[in-house]
Amino acid sequence: MTAWKNGPYSKNLPLPLFTKEGDIPPFGKGRSGGILQINLIIILILFALIFPPFLHAEDYTFDISEIEKKPYYIGGYAEFRPVLSRLDKDASLYKLKFYDRDEGSVIEEYNSKLQLEGSLEKGISSLHMKTNTDYNISYLGEDQETTVYEGFLSLKPSSSLTIDIGKKTLKWGKGYAWNPAAFVDRPKDTDDPELALEGFIVASADYIKSFKGPLKIVSFTPVLIPVYEHVNDTFGDINKLNFAGKLYLLLYDTDIDFMILTGGSKTSRYGADFSRNLTTNFEIHGELAIIDDYKKRFIDSNGDSFENDYDAESYLIGIRYLTEEEATYILEYYYNGTGFTSGEMRDYFAFINKGYDSYVSTSSDALLKKASNITEGNYGRMNPMKDYIYLRASRKEPFDILYFTPSATVILNVNDKSFSLSPELLYTGITNLELRLKASFLSGERQSEYGEKQNDYRAEFRARYYF
């Protein structure tokens, strides 16, 4: 099999990065950058002075003990990530969040993270743990939270059977930015799809069998998901025991999955995905999900609530292409069958503006609180509308600058033509240290998704040390 196969038994290799040449676009939605432009320039200068491209990397040394398999593993990373954001005071989501406070035009936040992971093997059993601790300082004050992302016991009684019990991330689906068929996983952050996700408490098994001929591998993964108070209670309706399953096939060098979820916490849903390398450097993938009796809740411009029940279909199609110059392009189209139309989003934004006007004239925030309640888990989802295009272009070591990777990502809302553009610079020339400078610019008309975000643009610097 080739390097880009996404199936559970394929070899995954890192992809290089690339960026397009061109002028830096104007900041935000037509207003001057002011303070944030100065801060961005300062960060860029510091980045160039402290971590120049010609910085000498540490010499590599070889130790045979490093490749010997050990019964335990301990690792992780520590991260520091300051962020500057330019606020859009005319945007609906700014009014919803900041109606009772004035934080100025620029806000700062300082984020730190410690992610620890480890494993211990003995005989047919192994323990796996992954924890995430976030500490943030922002206009809201200080906040600290530690979450167990994974913690499960794995038993392998034979080479073809594995049983896992505990909190686990299953990582279903073939998409890079979206996974509509990942029924037992939390949604990705499309702004940073490679971030680790918190899992759910499950009991699962994985049985695999190999064959000769066009059908090379068959694997079946049944999963039990209990949902009770304090046990997966964010998954759906409580006091239910849910069943999910995935059938994997490696057929004619194509990775294929079929998925199902049923049990009562959520309505039944069915999915499929595939991934195939058409050439050694060109891969195509896709996903399909069908949700029975999906209930979409929405409001009109007056705040009156409605509910629409229907069978929702979502799908994704995408490619990855690697050029001879080690530039990589990832392109995906995502249709979200559970998403809102442009008209439904305009009504939502209009209701927020109506609530804000009411607050200004009467000091009553009742309408804004209602808008805030329907935002959580509904309008406030990542990419809540129907049609999106994701494009990421990256280039590894352009102009022979070692350990340097520039890239750019565009997420386009096809329905209202609003978009985000995120250029970034990555430097990895110091052992175990990753340095990334990233900006995000939002553009769109009023009453469009990105046009009504609380920020015009933002910049962040991330220093991550692996151990």
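Conditions: (1) free of Cβ contacts under 8 Å to residues at least 60 places away in the same chain; (2) touching a helix residue (DSSP H, G or I) at 6+ places or on another chain (Cβ under 7 Å). Ile299 meets all but one. Number of the miss?
Going through (1) free of Cβ contacts under 8 Å to residues at least 60 places away in the same chain; (2) touching a helix residue (DSSP H, G or I) at 6+ places or on another chain (Cβ under 7 Å) one by one, Ile299 breaks only (1).
Output the number of the condition that Glu121 fails; it satisfies all remaining conditions of (1) acidic (Asp, Glu); (2) without any contact (Cβ under 8 Å) to a residue 24 or more places away in the chain; (3) in contact with a Pro (Cβ under 7 Å, 6 or more places away or on another chain).
Condition not satisfied by Glu121: (2).
Let's see how each residue does on (1) within 30 Å of Glu376 (Cβ to Cβ); (2) of a type in the set (Gly, Ala, Ser):
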| position | (1), (2) |
| --- | --- |
| Met259 | yes, no |
| Thr262 | yes, no |
| Tyr270 | yes, no |
| Phe274 | no, no |
| Leu278 | no, no |
| Phe298 | yes, no |
| Gly303 | yes, yes |
| Asn308 | yes, no |
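Go over the candidates Phe340, Phe243 one by one and state the one that is out of contact with any helix residue (DSSP H, G or I) (no Cβ under 8 Å at 6 or more places or on another chain) and either without any contact (Cβ under 8 Å) to a residue 24 or more places away in the chain or of a type in the set (Phe, Trp, Tyr) (or both). Break it down stepwise before answering.
On the way: Phe340 fails: out of contact with any helix residue (DSSP H, G or I) (no Cβ under 8 Å at 6 or more places or on another chain).
Unique residue meeting the criteria: Phe243.
Under 8 Å between Cβ atoms, at least 6 apart or on separate chains: pull out the pairs that start in region 431-446 with a residue that is over 24 Å from Tyr466 (Cβ atoms) and free of Cβ contacts under 8 Å to residues at least 40 places away in the same chain and end on any residue that is surrounded by 20 or more Cβ atoms within 10 Å (Cβ to Cβ) and of a type in the set (Ser, Thr, Tyr).
The qualifying pairs are Glu445/Ser418.
Check region 379-390 and report whether any residue there is of a type outside the set (D, E, K, R), farther than 22 Å from Ser420 by Cβ and assigned to a helix (DSSP H, G or I).
Within region 379-390, not a single residue is of a type outside the set (D, E, K, R), farther than 22 Å from Ser420 by Cβ and assigned to a helix (DSSP H, G or I).
Give the residue that is nearest to Glu325 (Cα to Cα), with candidates limited to residues of region 261-293 that are of a type in the set (Val, Ile, Thr) and more than 22 Å from the chain's Cα centre (by Cα).
Thr280
Examine region 432-452 for a residue that is of a type in the set (Gly, Ala, Ser) and within 27 Å of Leu322 (Cα to Cα), and state whether such a residue exists.
Kept after step one, since they are of a type in the set (Gly, Ala, Ser), are these residues of region 432-452: 439-440, 443-444, 448, 451.
Cutting the leftovers down to within 27 Å of Leu322 (Cα to Cα) gives us 439-440.
Among the residues of region 432-452, at least one is of a type in the set (Gly, Ala, Ser) and within 27 Å of Leu322 (Cα to Cα), which makes the answer yes.
Residues that are closer than 24 Å to Ile201 by Cα: list the strands (runs of 3 or more DSSP E) wholly contained in region 239-334 that include at least 2 such residues.
Details: elements: 240-251, 254-262, 269-279, 282-299, 305-322.
Hits in region 239-334: 240-251, 254-262, 269-279, 282-299.
Tell me, please, whether a residue that is farther than 21 Å from Tyr457 by Cβ, among the acidic types (Asp, Glu), buried (at least 16 other Cβ atoms within 10 Å of the Cβ) and touching a strand residue (DSSP E or B) at 6+ places or on another chain (Cβ under 7 Å) can be found in region 152-167.
Checking region 152-167: at least one residue is farther than 21 Å from Tyr457 by Cβ, among the acidic types (Asp, Glu), buried (at least 16 other Cβ atoms within 10 Å of the Cβ) and touching a strand residue (DSSP E or B) at 6+ places or on another chain (Cβ under 7 Å).
Residue-by-condition table, conditions (1) more than 18 Å from the chain's Cα centre (by Cα); (2) surrounded by 20 or more Cβ atoms within 10 Å (Cβ to Cβ):
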position: Arg395; (1), (2): yes, yes
position: Tyr403; (1), (2): yes, no
position: Val414; (1), (2): yes, no
position: Thr428; (1), (2): yes, no
position: Asn432; (1), (2): yes, no
position: Ser440; (1), (2): no, yes
position: Asp456; (1), (2): yes, yes
position: Tyr466; (1), (2): yes, no
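Pull up region 178-203, narrow it to residues that are farther than 27 Å from Ile317 by Cβ and surrounded by fewer than 17 Cβ atoms within 10 Å (Cβ to Cβ), then point me to the one that is nearest to the chain's Cα centre (by Cα).
Ranking the candidates gives Glu198 first.
Test each condition in (1) crowded, with 19+ Cβ neighbours inside 10 Å; (2) at pLDDT below 95; (3) acidic (Asp, Glu) for Glu324 and report the one that comes out false.
Unmet condition: (1).
Would you be able to say whether some residue in region 204-214 is among the hydrophobic types (A, V, I, L, M, F, W, C), surrounded by 15 or more Cβ atoms within 10 Å (Cβ to Cβ), in contact with an Asp or Glu (Cβ under 8 Å, 6 or more places away or on another chain) and modelled with pLDDT of 95 or more?
yes
Restricting the first residue to region 178-192 and requiring it to be more than 14 Å from Thr338 (Cβ to Cβ), which pairs with a second residue that is β-branched (Val, Ile, Thr) and not in a loop (DSSP other than H, G, I, E, B) meet a Cβ separation below 9 Å and a spacing of at least six or different chains?
Hits for this filter: Val184/Val202; Val184/Val223; Val184/Ile225; Thr190/Thr409; Thr190/Ile411; Asp191/Thr409; Asp191/Ile411.
Assess whether Ser372 counts as being over 27 Å from the mean Cα position of the chain (by Cα), within 25 Å of Lys266 (Cα to Cα) and hydroxyl-bearing (Ser, Thr, Tyr).
It is false that Ser372 is over 27 Å from the mean Cα position of the chain (by Cα), within 25 Å of Lys266 (Cα to Cα) and hydroxyl-bearing (Ser, Thr, Tyr).
Do the conditions hold for Glu452, that is, is it among the charged types (D, E, K, R), over 30 Å from Thr328 (Cα atoms) and touching a helix residue (DSSP H, G or I) at 6+ places or on another chain (Cβ under 8 Å)?
yes
Tell me the residue from Lys354, Lys369 that is touching a helix residue (DSSP H, G or I) at 6+ places or on another chain (Cβ under 9 Å), touching a residue at least 40 places away in the same chain (Cβ under 8 Å), basic (Lys, Arg) and assigned to a helix (DSSP H, G or I), please.
So the residue among Lys354, Lys369 that is touching a helix residue (DSSP H, G or I) at 6+ places or on another chain (Cβ under 9 Å), touching a residue at least 40 places away in the same chain (Cβ under 8 Å), basic (Lys, Arg) and assigned to a helix (DSSP H, G or I) is Lys354.
The values are calculated or read from the model by the stated rules, or taken from the named source; none is laboratory data. Values in this document were obtained by computation on a predicted structure and should not be read as measured data. As a convention, Cβ positions derive from the backbone with ideal geometry for all residues, glycine included, and neighbour counts pool all protein chains shown.
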